[in-house]
Structures are given as structure tokens and as C-alpha cells.
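Structure first, then comments.
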Amino acid sequence: MQTAVDLERSGQTVGRSRRKPMSWIALAAIIVSLLSLLPLAFIIWIGVQIGWDTASALVFRPRVGELLVNTVLLVALTVPIATVLSVTLAWLTERSDLPGAGLWAWLSVAPLAIPAFVHSYAWITMVPTLHGLWAGVLVSVLAYFPFLYLPLAAALRRLDPALEDAAAALGLGPWRVFWRVVLPQLRLAICGGALLVGLHLLAEYGLYVFIRFDTFTTAIVDQFQSTFNGPAANMLAGVLVTCCFVLLALEVLVRGEERYARVGSGAARRQQRTRLGRATLPCLALPAIATLLAIGVPFVTIGRWLVAGGADVWRLDEIGLALGQTLFLALAGALLATIAAMPMAWISIRAPGPLQRLLEGCNYIVGSLPGVVIALALVTITVRIAMPLYQTLFTILVAYALMFLPRALISLRASIAQAPVELERAAASLGRPPLKALWSTTIRLSAPGAAAGMALVALGIMNELTATQMLAPNGTRTLAMAFWSYSGEIDYASAAPYAFIMVAMSLPLTWLLYVQSKRMAGR
């Protein structure tokens, strides 16, 4: 029988083994969080360095006011239209007897597989006169409404039908039940999706260049490419970051603090689908038109240019090089982002507390920053402080890791939560060093979640344009860069193969996202 002294020693050993990895992992999480705040801190430092007079002269000028008006109008028009469209499509596909509802649900998610600048390329080649604010609103809604549709459809699947039955029993008609019972329960999904759409609108570059609509992102890139005016570009980036924080604050304000959880499991049956009756054909028109505009136009345009270009546009040597570089950067950036997110994901599950919430908030803040802001900060830092790192593989991979860290963090956190902490303790009690105990238990069990996070990060990197253009080493030519180069020369036929490959590589992951959203709702 083990003595009390032995038990005490073993307890101390386990305690030390538990505290030791915690200290190292917490230190790694702090370092990653501080690095994630580097772009934001550098913009503030530039503003302080150049002084108030110069900063105010660069910010308070007519050009900035014009860009601000464009940005506010774009967000104020696009987000409500996308919200109405997404709520309607989600209700039709999840709550009505719409014919082919499952197919229309998938087609409502499929536009995510098409990069936003490919949407714009398709529309501008089909309608060359499409320019200005309303063109930007049209293409933005078609490119980004799935970000709203996905959480809304998932929320509708999870709602307790008993609440709607009770409201109907009290004499409320179908429309009043929807407005007073269903819609309030969708507030979180609407706020989260609207925030995501708004942040994408602020960060997007290629879409608005095609339709000749100036935003802060296009102005920053133009400033950087034409004159490399650091202070002017950084002050524009500061205004853009302020816009992002305003959106974050608005989302928190609108979301409120209402309780959305229920006590108990709710009804064990599915919601009865509403019969559309005579409204079936008009209701079918909405998803059909949305699919035609969001998927049909890009696919028809790409196909038309592929046919027009013939075999000559398939320059296999160039395409192979671009595909190889894209896959390398995507895999390397996804691996780095996943490794960087692992300490934060671990302490968020194993050691929650004020420090964890603060560090996690830092990681999500960088996720809300546009890629052009992160790239501009890294360009300025490397040029002024670490010139040998300018336009190197290391710098662009760091940019990718910072930009897509939240994607890896969310997937890792969910998978680590499903790995029992008792396995780590058992491995440590058997004499394994802390890192080996962590590797042999939690990290191995969370591998599927890490793979999912890496896939999400890789998808973002494959379609990323702005930061790659600003930071990529000389000679780098990804699929997005090659597409942008040919389309910038109005050689739309030569750009079509690259657009086709990007869409073809994104479709499987989009399907997985759709399937996963249904599994989370128990479907």
C-alpha cells in the first residue's frame, strides 16, 4: 500500500507537472497576443511620432471625408439589404415547404467559394458600365450574404417550436409570431453575421477596384503603390481601424444583454414547415434569382472567357508555378497560424480567467483589422527597423498568421474542449514530461479540430490578395496575384483559368462548412 509520504510526493509531482506547462503555455499565449497587437500599436506610434499637426492635416482633409462618406454609405446600404435577403432565404429553406429546400440551402452558401474580386470581375466583364456606389452594393450583397445566411439558418434549426406554438395559441397570427417570437431570437445571429459582413466591406480591395469605387482600403493601397507615403497611408489606416472599432461597438450595443438560452432541452420535435400554397412560385423566384446572380453570373462569365480563350489561356507552366506557390504559402501560413493559436486555445479551456479573456480579446481584435492595415504596419516596421526582413517569406507568413489567427483559434478551442483533462494528468503521473504529456493526449485528440482550422486558414490565404501583393517576396506569383495581373491588363480570358482554379479549390471546403452547420443543429 502506498504511504502518505509517497502520495504527497506524487501529488506534488502532478501539481508541478500541471503548473509547469501552464507557465510556459501562458507565456507563449502572452507573446502571441502582444504580437497580434503590433499592427495596431504601430499605427498609434506613427501618429504620435509625426505629431498632432501633421496627423490632423492628413486625417481632416476633403479626401478622407469623401472616403468616409463612401464607406458609411456602402456599409449602411449593404448590411441591411444582405440581412433582409438572408433572413428571407433562411426562413424559406428552413421553415417553409419550399420545393427543393435542401438544394436552395446549399446554393445559398455556395457563393462563399467565389472570392469577392472574382464576383466583381464577372459582373464588370458582363456589364462594363457597372461602376459606383450601387454597383458596389450589388456585388457586395451577392458576395457576402452567405456570411449572414449560415448563422441565421443554423439558429432557425435550433429554435424551440413550443414558443411559437404558445404565441399562436394566444391568438397571434403567423406574421406577428415571426416578428414577436422568431425574429428576436435571431438577434445574435443577425448581429454576428452583420458584423462579419461589415468588416469584410471595410477590408475588401479587389472588388471595389474593378467597379471604380473608392474606399479606405483602395486609397491605402494606391498610396502605398504610387508614392510609398508612410505617414499618409498609416493615417488612412488609422481611420479605417477606427471604423472597424465603431462596427464592433455597434454590434455590442445592438446585441444587448438579453438571455437567449432556455432551461431544459425544449421540444423534442422539429418545427412544422409552413405551407406556402399559392405563394410557392413567387417564393421560388427569390432563391432562384439570388442563385442566378451570385453563382450563375460568375460561372457563366468564367466559362465564357475560358471558351473564348481556348487552349492558349491554359499556360500550364505559369499555372503550375502559381498553384504550387499558392499551396505552399497556404499550408505554411495555416501551420504557423495553428501553432500560434494553440497556447491561447489551451489556456482558454484549461485555465479560464481574467488573463485568458484579455489575451483572447487581443487575438480577436487583430482578426477585425483589414489585411491592408496589417500588411502596411509590417512593411513600415521592416523598412524602418528590420530591412533584411522586408518582402521575405518570414514576413508574409507572420502576416498570414496574424490575419487568420481567429479562424485557427476557434476550431482549436472547440476540439481541445472535447479532450478530457484527466488524460493529461494521467500521462504526467506516469512520469512523462509536461510537453510530452500534452503532446500524447490533448494535442493528438484535438488533431481533427486543428486540421479543420488549418483548412479554414488555408482557404483564406489562397484567396488573399492585398497583403500578398504588399509583402510577398520578389518573384512570388500566387493564383490571386496572377488573376489580378491579367485582369488589370484587361486580359480577362487569361485571368479566367486562375479564377476557375480558385473557385474549384474553395468549393469542397464550402460544402464542409454547410454540412458542419447542419450537424451542429442535429440534422
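The values are calculated or read from the model by the stated rules, or taken from the named source; none is laboratory data. Computed from a prediction, not measured in an experiment: that's the story for all the values here. Here the Cβ is made from the backbone with ideal geometry for all residues, glycine too, and neighbour counts use every protein chain on show. To get the accessible areas, we keep the full protein, side chains included, count just its heavy atoms, and leave off ligands, DNA and RNA. Shrake-Rupley method; radii C 1.70, N 1.55, O 1.52, S 1.80 Å.
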- Task: Search the stretch 118-131 for residues that are among the aromatic types (Phe, Trp, Tyr) and pair each with any residue that is surrounded by fewer than 23 Cβ atoms within 10 Å (Cβ to Cβ) when their beta-carbon atoms are under 6 Å apart and the residues are at least 6 apart or on different chains.
- Result: TRP123/LEU130
- Which numbered condition trips up THR215, out of (1) open to solvent by less than 60 Å² (accessible area, probe 1.4 Å); (2) over 19 Å from PRO62 (Cα atoms); (3) modelled with pLDDT of 80 or more? (2)
- Note on the structure: Scanning the stretch 35-56 for residues that are open to solvent by 40 Å² or more (accessible area, probe 1.4 Å), in contact with a helix residue (DSSP H, G or I) (Cβ under 9 Å, 6 or more places away or on another chain), in a helix (DSSP H, G or I) and of a type outside the set (Val, Ile, Thr) gives LEU35, LEU38, ALA41, GLN49
- Please indicate, with yes or no, whether at least one residue in the stretch 62-70 is open to solvent by 10 Å² or more (accessible area, probe 1.4 Å), within 28 Å of ILE501 (Cβ to Cβ), under 24 Å from the mean Cα position of the chain (by Cα) and in contact (Cβ under 8 Å) with a residue 24 or more places away in the chain. no
- Restricted to the stretch 347-404, and to residues that are outside any helix (DSSP H, G or I) and open to solvent by less than 40 Å² (accessible area, probe 1.4 Å), which residue is farthest from ALA334 (Cα to Cα)? GLY353
- Given (1) under 17 Å from the mean Cα position of the chain (by Cα); (2) over 16 Å from GLY453 (Cα atoms), number of the condition ALA337 does not satisfy: (2)
- Item | Hits in the stretch 303-317 - residues which are assigned to a helix (DSSP H, G or I) and modelled with pLDDT under 90 | ALA308, GLY309, GLY310, ALA311, ASP312, VAL313, LEU316, ASP317
- Item | Selection count, the stretch 296-331, where residues are polar (S, T, N, Q) and open to solvent by less than 40 Å² (accessible area, probe 1.4 Å) | 2
- Message: Can you confirm whether VAL84 is part of a helix (DSSP H, G or I) and in contact with a helix residue (DSSP H, G or I) (Cβ under 6 Å, 6 or more places away or on another chain)?
- Response: no
- Task: Would you check which residues across the stretch 72-95 are surrounded by fewer than 20 Cβ atoms within 10 Å (Cβ to Cβ) and over 30 Å from ARG158 (Cα atoms) and list them?
- Result: VAL72, LEU73
- Residue count, the stretch 76-112 (criterion: touching a residue at least 24 places away in the same chain (Cβ under 8 Å), of a type outside the set (Phe, Trp, Tyr) and under 14 Å from PHE145 (Cβ atoms)): 21
- Message: Looking at ALA167, ALA162 in this structure, which one is open to solvent by less than 30 Å² (accessible area, probe 1.4 Å) and either farther than 30 Å from ALA467 by Cα or at pLDDT 85 or above (or both)?
- Response: ALA167
